[in-house]
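*Asks:* Got a structure for you, written out below as structure tokens; questions coming shortly.
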Amino acid sequence: MNFKNHHQKKRFGQHWLVNNLILEKIKEVAELEEKDFILEIGPGRGALTSKLLDSKISRLHAIELDEDLIDLLNNKFRNDKNFSLQQGDILSTNLDSINKKITKVIANIPYNITGPILDIFVGRLGIISKNNYNKIIFLMQKDVVDRILAKDGNTNAGAMSVRMQLISNIRRICDVPPSSFDPPPKVFSTLVVFEPLRPEMRLDIKLEKYLDKLLRISFNSRRKMIRNTLNSILSAEEIEKLSESSQICFNSRPQDISINKWIKLAEACIKITNKNQ
Ligand SMILES: C[S@@+](CC[C@H](N)C(=O)[O-])C[C@H]1O[C@@H](n2cnc3c(N)ncnc32)[C@H](O)[C@@H]1O
């Protein structure tokens with residue numbers, strides 16, 4: 001079998017990236033160095049893999065779910081000593097033996113598993129990350145990136161925007177039309193770079209955990225004023241006191257509150273809760 005008669009599988013999100021300019025852009029954004037150990041999720045037919053291997057790097061380890069692609073990929077890169085391949089599901093692969101060495105994670109990600117991939121690789125608010133990646137470069141759905149990057153006051157702003165912006169620096173590189181893929185997906189994509197914050201740059205873990213809870217409660221009822229959602233964790237009297245002492249307008253809806261105000265609100269709530277104990 002060769003790549004041409006490999007049967008493309010929709011259920012694995014197989015949309016090959018065929019636009020050379022975008023392949024080049026990914027490589028440029030990756031700023032590859034000799035010391036880089038790259039993890040590539042879903043190499044597919046190896047178009048991006050080839051580009052990345054065409055640089056001086058220490059290693060590229062790829063994890064591909066589709067068994068039918070394994071021999072083809074191993075054959076394609078058989079002369080490349082920096083290349084290694086593992087068949088498996090990225091969501092359940094144990095990366096412990098290489099995780100500390102990986103410097104960059106790069107992928108044109110299968111869209112059906114975007115959420116869990118972000119959780120594993122970029123991390124989660126309220127959870128200390130064991131990863132040490134300095135860059136994560138993903139080609140992913142534009143609408144998800146719009147939500148991740150949304151600022152307060154924007155209709156796309158949500159718990160996800162605040163959570164992701166609190167744990168990582170995030171840069172949109174460019175939007176990519178469906179015509180850049182074969183077959184074209186139904187939606188636009190975006191090339192995005194995450195630089196996860198080092199543990200010492202993150203908020204205190206207890207504060208992060210509280211913020212996570214606060215965001216969940218508030219955005220579960222995004223049409224309600226926060227005055228009316230906070231009543232599940234604070235008494236009416238405490239809410240009144242807080243709304244007078246803090247600079248936060250309690251008649252705001254959650255999507256209109258800035259990240260700094262979320263932090264201030266969480267700190268104030270923790271103080272009240274501690275006093276009550
Ligand atoms: C959007 S395609 C990208 C392929 C190739 N990197 C490219 O840019 O043309 C996604 C790739 O991820 C693979 N894949 C899907 N689910 C996966 C999973 N859970 N673990 C590892 N690879 C997966 C698919 O088989 C496919 O090769």
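The values are calculated or read from the model by the stated rules, or taken from the named source; none is laboratory data. No experiment lies behind these values; they were computed from the predicted model shown. Because the Cβ atoms are built from the backbone with ideal geometry, glycine has one as well, and the counts that use them run over all protein chains shown.
*Asks:* (1) surrounded by 15 or more Cβ atoms within 10 Å (Cβ to Cβ); (2) at pLDDT below 95: which one isn't true of E240, the others all being true?
*Replies:* With respect to (1) surrounded by 15 or more Cβ atoms within 10 Å (Cβ to Cβ); (2) at pLDDT below 95, E240 is out only on (1).
*Asks:* While we're looking at this one, here's another question. Could you please tell me which pairs satisfy a Cβ distance under 7 Å, a separation of 6+ or placement on different chains, a first residue in region 159-176 that is free of Cβ contacts under 8 Å to residues at least 40 places away in the same chain and assigned by the TED database to the domain that holds R124, and a second residue that is assigned to a strand (DSSP E or B) and crowded, with 17+ Cβ neighbours inside 10 Å?
*Replies:* Correct list of pairs: I170/V192; I170/F194; R171/V192; R171/V193; R172/T190; R172/V192; D175/T190.
*Asks:* Please enumerate the residues belonging to region 54-83 that are under 24 Å from the mean Cα position of the chain (by Cα) and either more than 15 Å from the ligand (Cβ to nearest atom) or hydroxyl-bearing (S, T, Y) (or both).
*Replies:* Result: I57, R59.
*Asks:* What is the residue count in region 5-50 for residues that are away from the ligand (no atom under 12 Å from the Cβ), closer than 22 Å to F188 by Cα and of a type in the set (A, V, I, L, M, F, W, C)?
*Replies:* 3
*Asks:* Which residue out of I173, I102, I113 is assigned to a loop (DSSP other than H, G, I, E, B) and within 16 Å of the ligand (Cβ to nearest atom)?
*Replies:* Going through I173, I102, I113 in turn, the sole match is I102.
*Asks:* Look at N154 and say whether it is farther than 23 Å from I205 by Cα, touching a residue at least 60 places away in the same chain (Cβ under 8 Å) and surrounded by fewer than 19 Cβ atoms within 10 Å (Cβ to Cβ).
*Replies:* The answer is yes for N154.
*Asks:* Next up: Condition test on I270, is it in contact with a Phe, Trp or Tyr (Cβ under 6 Å, 6 or more places away or on another chain), of a type in the set (V, I, T) and on the phi < 0 side of the Ramachandran plot?
*Replies:* Yes; evaluated as a whole, the condition is true for this residue.
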